[in-house]
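**Student:** Could you have a look at this structure, given as C-alpha coordinates, before my questions?
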Amino acid sequence: MATATTNSGPSMEVSRVAVKAPAFWRSDPLMWFKQMESQFIMAGITQDSTKFHTIVASIESSILENASKIIVDPPAENMYDTLKGKLISSFSDSEEKRLKKLLTNIELGDKKPSELLSKMWSWIHRLPSQMKPIFSVSEDSLDKLSTMTDKIADSSESDVCSFSPSSTRLEEIEKKVKKP
(Lines give C-alpha, C1' and ligand atoms only; values in the text may rest on other atoms or scores of the structure.)
Protein backbone atom coordinates (compact mmCIF):
# COMPACT_ATOMS: atom_id res chain seq x y z
CA MET A 1 0.00 0.00 0.00
CA ALA A 2 1.34 3.41 -0.91
CA THR A 3 0.49 6.77 0.62
CA ALA A 4 -0.37 9.64 -1.68
CA THR A 5 -0.87 13.28 -0.77
CA THR A 6 -3.77 15.23 -2.19
CA ASN A 7 -4.88 18.85 -1.71
CA SER A 8 -7.13 17.74 1.11
CA GLY A 9 -4.36 15.80 2.92
CA PRO A 10 -2.79 12.34 2.89
CA SER A 11 -4.83 9.51 1.43
CA MET A 12 -4.31 5.80 1.04
CA GLU A 13 -3.80 4.33 -2.40
CA VAL A 14 -4.41 0.63 -2.88
CA SER A 15 -2.33 -1.27 -5.38
CA ARG A 16 -4.02 -4.25 -6.97
CA VAL A 17 -2.36 -7.47 -7.99
CA ALA A 18 -3.83 -8.87 -11.18
CA VAL A 19 -5.09 -12.41 -11.30
CA LYS A 20 -4.42 -14.06 -14.64
CA ALA A 21 -6.97 -16.79 -15.12
CA PRO A 22 -6.09 -19.63 -17.48
CA ALA A 23 -8.75 -20.98 -19.82
CA PHE A 24 -11.31 -23.03 -17.89
CA TRP A 25 -10.39 -26.72 -17.76
CA ARG A 26 -13.53 -28.56 -18.85
CA SER A 27 -11.69 -31.84 -18.33
CA ASP A 28 -10.77 -31.05 -14.71
CA PRO A 29 -12.69 -28.10 -13.23
CA LEU A 30 -11.61 -28.93 -9.68
CA MET A 31 -7.95 -28.49 -10.58
CA TRP A 32 -8.78 -25.24 -12.42
CA PHE A 33 -10.36 -23.88 -9.23
CA LYS A 34 -7.33 -25.04 -7.20
CA GLN A 35 -5.11 -23.08 -9.57
CA MET A 36 -7.35 -20.02 -9.23
CA GLU A 37 -7.32 -20.30 -5.44
CA SER A 38 -3.52 -20.30 -5.51
CA GLN A 39 -3.67 -17.10 -7.53
CA PHE A 40 -6.12 -15.61 -5.02
CA ILE A 41 -3.67 -16.37 -2.22
CA MET A 42 -0.74 -14.85 -4.10
CA ALA A 43 -2.80 -11.74 -4.90
CA GLY A 44 -4.04 -11.43 -1.32
CA ILE A 45 -7.68 -11.87 -2.34
CA THR A 46 -9.75 -13.12 0.56
CA GLN A 47 -13.18 -11.59 0.08
CA ASP A 48 -15.91 -13.89 -1.19
CA SER A 49 -17.41 -11.33 -3.55
CA THR A 50 -14.00 -10.53 -5.12
CA LYS A 51 -13.38 -14.23 -5.78
CA PHE A 52 -16.89 -14.61 -7.23
CA HIS A 53 -16.58 -11.65 -9.57
CA THR A 54 -13.05 -12.63 -10.62
CA ILE A 55 -14.36 -16.06 -11.68
CA VAL A 56 -17.36 -14.55 -13.50
CA ALA A 57 -15.07 -12.13 -15.33
CA SER A 58 -12.57 -14.88 -16.20
CA ILE A 59 -14.74 -17.62 -17.67
CA GLU A 60 -16.16 -17.66 -21.17
CA SER A 61 -19.91 -17.25 -21.60
CA SER A 62 -20.55 -20.79 -22.88
CA ILE A 63 -19.34 -22.14 -19.54
CA LEU A 64 -21.08 -19.49 -17.44
CA GLU A 65 -24.41 -20.50 -19.01
CA ASN A 66 -24.31 -23.53 -16.71
CA ALA A 67 -24.44 -21.26 -13.67
CA SER A 68 -26.53 -18.40 -15.03
CA LYS A 69 -29.06 -18.49 -12.18
CA ILE A 70 -26.28 -18.08 -9.59
CA ILE A 71 -24.63 -15.29 -11.59
CA VAL A 72 -27.86 -13.35 -12.15
CA ASP A 73 -29.05 -13.78 -8.56
CA PRO A 74 -26.04 -14.67 -6.37
CA PRO A 75 -26.63 -15.81 -2.80
CA ALA A 76 -26.01 -13.29 -0.04
CA GLU A 77 -23.28 -15.51 1.46
CA ASN A 78 -20.85 -18.02 -0.03
CA MET A 79 -21.18 -16.63 -3.55
CA TYR A 80 -17.82 -18.03 -4.63
CA ASP A 81 -18.34 -21.50 -3.14
CA THR A 82 -21.84 -21.73 -4.64
CA LEU A 83 -20.54 -20.83 -8.11
CA LYS A 84 -17.55 -23.14 -7.72
CA GLY A 85 -19.75 -26.07 -6.66
CA LYS A 86 -22.13 -25.55 -9.57
CA LEU A 87 -19.38 -25.37 -12.19
CA ILE A 88 -17.53 -28.38 -10.78
CA SER A 89 -20.70 -30.48 -10.71
CA SER A 90 -21.63 -29.35 -14.23
CA PHE A 91 -18.30 -30.24 -15.80
CA SER A 92 -16.87 -33.07 -13.70
CA ASP A 93 -17.13 -36.58 -15.05
CA SER A 94 -19.23 -39.05 -13.16
CA GLU A 95 -17.41 -41.73 -11.19
CA GLU A 96 -18.30 -44.23 -13.91
CA LYS A 97 -16.80 -42.06 -16.66
CA ARG A 98 -13.62 -41.54 -14.63
CA LEU A 99 -13.37 -45.29 -14.12
CA LYS A 100 -13.84 -45.96 -17.82
CA LYS A 101 -11.16 -43.38 -18.68
CA LEU A 102 -8.81 -44.99 -16.20
CA LEU A 103 -9.42 -48.47 -17.58
CA THR A 104 -9.05 -47.44 -21.21
CA ASN A 105 -6.18 -44.96 -20.81
CA ILE A 106 -3.97 -46.85 -18.38
CA GLU A 107 -0.62 -47.77 -19.86
CA LEU A 108 2.90 -48.27 -18.63
CA GLY A 109 4.51 -45.56 -20.75
CA ASP A 110 7.55 -44.20 -18.93
CA LYS A 111 6.29 -45.38 -15.55
CA LYS A 112 7.81 -48.19 -13.55
CA PRO A 113 5.67 -51.32 -13.30
CA SER A 114 5.24 -50.63 -9.58
CA GLU A 115 3.72 -47.20 -10.38
CA LEU A 116 1.25 -48.77 -12.79
CA LEU A 117 0.37 -51.40 -10.21
CA SER A 118 -0.15 -48.68 -7.61
CA LYS A 119 -2.54 -46.88 -9.95
CA MET A 120 -4.44 -50.13 -10.57
CA TRP A 121 -4.57 -50.76 -6.84
CA SER A 122 -6.10 -47.36 -6.17
CA TRP A 123 -8.63 -48.08 -8.93
CA ILE A 124 -9.94 -51.16 -7.12
CA HIS A 125 -10.51 -49.15 -3.94
CA ARG A 126 -12.32 -46.38 -5.82
CA LEU A 127 -14.74 -48.61 -7.68
CA PRO A 128 -18.35 -47.47 -7.44
CA SER A 129 -20.32 -49.52 -4.94
CA GLN A 130 -22.37 -51.31 -7.61
CA MET A 131 -19.17 -52.72 -9.17
CA LYS A 132 -17.47 -54.04 -6.04
CA PRO A 133 -19.77 -57.11 -5.79
CA ILE A 134 -18.30 -58.42 -9.03
CA PHE A 135 -14.91 -58.69 -7.38
CA SER A 136 -16.40 -60.41 -4.35
CA VAL A 137 -18.23 -63.20 -6.18
CA SER A 138 -16.39 -63.74 -9.45
CA GLU A 139 -13.71 -66.33 -10.11
CA ASP A 140 -12.84 -64.71 -13.44
CA SER A 141 -9.50 -63.24 -14.45
CA LEU A 142 -8.80 -59.55 -13.98
CA ASP A 143 -9.29 -59.05 -17.75
CA LYS A 144 -12.81 -60.44 -17.58
CA LEU A 145 -13.54 -58.50 -14.40
CA SER A 146 -12.50 -55.23 -16.00
CA THR A 147 -14.72 -55.97 -19.00
CA MET A 148 -17.65 -56.60 -16.67
CA THR A 149 -17.07 -53.35 -14.80
CA ASP A 150 -16.99 -51.48 -18.12
CA LYS A 151 -20.35 -52.98 -19.05
CA ILE A 152 -21.81 -52.02 -15.68
CA ALA A 153 -20.48 -48.49 -16.08
CA ASP A 154 -22.26 -48.28 -19.43
CA SER A 155 -25.58 -49.36 -17.94
CA SER A 156 -27.79 -47.07 -15.93
CA GLU A 157 -27.52 -47.08 -12.16
CA SER A 158 -31.14 -48.08 -11.78
CA ASP A 159 -30.47 -51.36 -13.55
CA VAL A 160 -27.75 -52.36 -11.07
CA CYS A 161 -28.52 -54.22 -7.87
CA SER A 162 -26.66 -53.28 -4.74
CA PHE A 163 -24.84 -55.97 -2.78
CA SER A 164 -22.26 -55.95 -0.02
CA PRO A 165 -18.91 -57.29 -1.19
CA SER A 166 -17.38 -60.27 0.52
CA SER A 167 -14.21 -59.07 2.14
CA THR A 168 -12.62 -62.52 1.79
CA ARG A 169 -13.01 -62.58 -2.00
CA LEU A 170 -11.93 -58.95 -2.27
CA GLU A 171 -8.79 -59.77 -0.29
CA GLU A 172 -8.03 -62.63 -2.71
CA ILE A 173 -8.34 -60.28 -5.66
CA GLU A 174 -6.19 -57.68 -3.93
CA LYS A 175 -3.50 -60.35 -3.47
CA LYS A 176 -3.69 -61.16 -7.21
CA VAL A 177 -3.19 -57.50 -8.07
CA LYS A 178 -0.30 -57.13 -5.63
CA LYS A 179 1.61 -60.09 -7.12
CA PRO A 180 4.43 -58.95 -9.42
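The values are calculated or read from the model by the stated rules, or taken from the named source; none is laboratory data. Keep in mind that this is a model prediction, so the values were computed, not measured. Using ideal geometry, Cβ is built from the backbone for each residue, glycine included, and neighbour counts are taken over all protein chains shown. Note: accessible area is taken over every heavy atom of the protein model, side chains too, but ligands, DNA and RNA are not part of it. Shrake-Rupley method; radii C 1.70, N 1.55, O 1.52, S 1.80 Å.
**Student:** GLU37: net charge of surrounding residues, Cβ under 12 Å, Lys/Arg +1, Asp/Glu -1, itself excluded?
**Tutor:** Taking every other residue near GLU37 into account, the sum is +2.
**Student:** A follow-up question, please. Can you pull the accessible area of ILE88 for me, 1.4 Å probe, Å² to the nearest 10?
**Tutor:** The accessible area comes out at roughly 30 Å².
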